[in-house]
Structure formats: structure tokens, C-alpha cells
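Notes follow once the structure below has been shown.
The values are calculated or read from the model by the stated rules, or taken from the named source; none is laboratory data. Quick caveat, the model's predicted, so the values are computed rather than measured. Please note: Cβ atoms are built from the backbone with ideal geometry, for glycine as well, and neighbour counts cover all protein chains shown. The area values use the complete protein model at the heavy-atom level, side chains included, leaving out ligands, DNA and RNA. Shrake-Rupley method; radii C 1.70, N 1.55, O 1.52, S 1.80 Å.
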Amino acid sequence: MDSKQHQTMQIAEILDRAMLNSQATPQLSLDYPEIGLKQAYQIQAAGIEKRMSRNEKLLGIKMGFTSRAKMLQMGVDDLIWGRLTSTMQLVEGGSVSLKRFIHPRIEPEIAFRLNKTLKGKVSLLEAMNAVDAIAPALEIIDSRYANFKFSLADVVADNSSSSGFVLGQWRSPKQDIGNQAMVMEINGKPVQIGSSSAILGNPWRSLVEAARLAAESDICLEAGWIVLAGAATAAHPLSTGDHVCLHTSSMGQVHLHAGE
Ligand code: OOG
Ligand code: MG
């Protein structure tokens, strides 16, 4: 193992511990300004290997910063992706304890379910043909960095803040998802209102980008995987007791309760 690989494993360990202890860690780029995006994705992969060695299953990937609202909120300007594992998936309408998080936020998303492999440069039509179902989704993001502050390489190494997700009912991908209203309510009050068109102009483009970006790390999107398209609006802080509901125009709803 060379010194760079050693550093990759060491940082993966630091981030993994921050997650397991629900304790924020200083921003990587402050101590290791030399870490670029390529190494950041290797740190992410090493962190996921740790999780899989604890019997977590890889369920798919999530895209990040596919909307202007998210880029502006976090002060970054490029697309990123992260991995989704089985312990992140929460039950629709269920309750999740916020004890496992540091400073969780919630955001409105759209999920795709693949029934074919997608690799590298694919057309919009190929991407659409590889999906057998779509669903509304809520994602919980929880940066392992203090004050939720990070550079692009920081957040990629931290699995793009992935922490939890919940899916609404799967439905046919035949309907138009290009301009769905996305209204996220907390305790009955709308806290974020947007349109699915905020996701790269149309959420299907996010799937095309997911295949392209994953291929840069030699990964193909596999049949059976879930892909989250990225939030349509800025994220909202999640507090104990919150009942969150995402309403869409014609893709249904999805609910989550934040418990003790
Ligand atoms: C990074 C994750 C971004 C999205 O939907 O844009 C993301 C973060 O904001 O902490 O999940
Ligand atoms: Mg997200």
C-alpha cells in the first residue's frame, strides 16, 4: 500500500467513525488540501467497503447538486454522487430516530428503479428505457463535517452527505415527470416548494449524468438499483417531532416522522 492509499484508508476511517459516533469531524480540506476529486471518490469507496463488511448492502446511488437551489445553498458548482446502502433506507410513513445523525436536513427527491444496466455515455432514451418504476422520495443528508461546511472533494469523500432515504410508492415511469410540483411540508406547513424541472431541467437528465459520472469511477448502474435524482429545492433542517410529507402533482406522496 503506498502512502496515498494509506491516507485514503485513514480518512475513510475518520469519516466512518464520525458517522458511527454521530460526532462531527473537521473539514478534510483544512488538513489535507492536496486531496482532489479522484481521491475523494476513492475515500468514498473505501468507506462503503467498510459498511459492506458490516453487512450493509449496496442499493444504488444518489446524485447531488443537480439543482441550482442546492448548489447555491451549499456554495458548490458541480454534480456529485454518493452510494445508498440498506441501513439508509427508511420505512415509508415510519419514524426515524434523529440520534443517529449529527445535524440532519431533509430534501425532496425523485427516485428511479432500474431494470437494465446503464454504463457510461447513454442517451436520454436509453436511460428512460432502463427504468421500470419511479417514486417520490425524501432524502436525509447529514454532513459528517462541522457546521455542514465542505468543499466539493470534502463532500464526495463523505459519501455526498448520504444518510437516509425513504421512497413513496413505485409507479409507472410512463408519465411526464418533467414538471412535477414538489411541495415539502413539515407539520402541515410548506417549507420548500419547487418543481422537478429544477433538477437539470428534467430529472431524467440526472440519470444520464449518473451513468456518466459513475463510469468515471469504473462503475455501471446495475439492474435493480435505485437512483435518486437530487433535490429539487434547498434542504430543510430536520428536528425531533417533525412530520415530513412530500406532495407531488401526480407521482403521489411520501412521509417520514422524526422521532426521539
Ligand atoms: C450534499 C448532497 C447533495 C442533493 O440532492 O443535491 C444532495 C449536501 O448538500 O450535503 O444530496
Ligand atoms: Mg439529495
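Structure notes:
- Enumeration of residues in region 166-190 that are over 13 Å from residue 252 (Cβ atoms), outside any strand (DSSP E or B) and out of contact with any His (no Cβ under 6 Å at 6 or more places or on another chain): 173, 174, 176, 178, 179, 188
- The residue of region 54-80 that is farthest from ligand 1 (Cβ to nearest atom), among those that are basic (Lys, Arg) and open to solvent by 20 Å² or more (accessible area, probe 1.4 Å), is 54.
- Of the candidates 83, 113, 51, the single residue that is crowded, with 18+ Cβ neighbours inside 10 Å, more than 16 Å from ligand 2 (Cβ to nearest atom) and assigned to a strand (DSSP E or B) is 113.
- Verdict on residue 34 being part of a helix (DSSP H, G or I) and away from ligand 1 (no atom under 14 Å from the Cβ): no
- Checked against (1) away from ligand 1 (no atom under 16 Å from the Cβ); (2) closer than 20 Å to residue 60 by Cβ; (3) in contact (Cβ under 8 Å) with a residue 12 or more places away in the chain, residue 175 passes all but a single condition, namely (2).
- The number of residues in region 54-76 that are within 14 Å of ligand 2 (Cβ to nearest atom), assigned to a strand (DSSP E or B) and among the hydrophobic types (A, V, I, L, M, F, W, C) comes to 2.
- Screening region 116-134 for residues that are part of a strand (DSSP E or B) and farther than 18 Å from residue 83 by Cα and picking the one that is farthest from ligand 1 (Cβ to nearest atom) gives 132.
- For region 167-190, the candidate set comprises residues that are within 20 Å of residue 89 (Cβ to Cβ) and within 19 Å of the chain's Cα centre (by Cα); within that set, the residue that is surrounded by the fewest Cβ atoms within 10 Å (Cβ to Cβ) is 169.
- Any chance residue 230 is in contact with a strand residue (DSSP E or B) (Cβ under 9 Å, 6 or more places away or on another chain), part of a loop (DSSP other than H, G, I, E, B) and at positive phi: yes
- Residue match in region 154-166 (condition: touching a residue at least 40 places away in the same chain (Cβ under 8 Å) and open to solvent by 50 Å² or more (accessible area, probe 1.4 Å)): no
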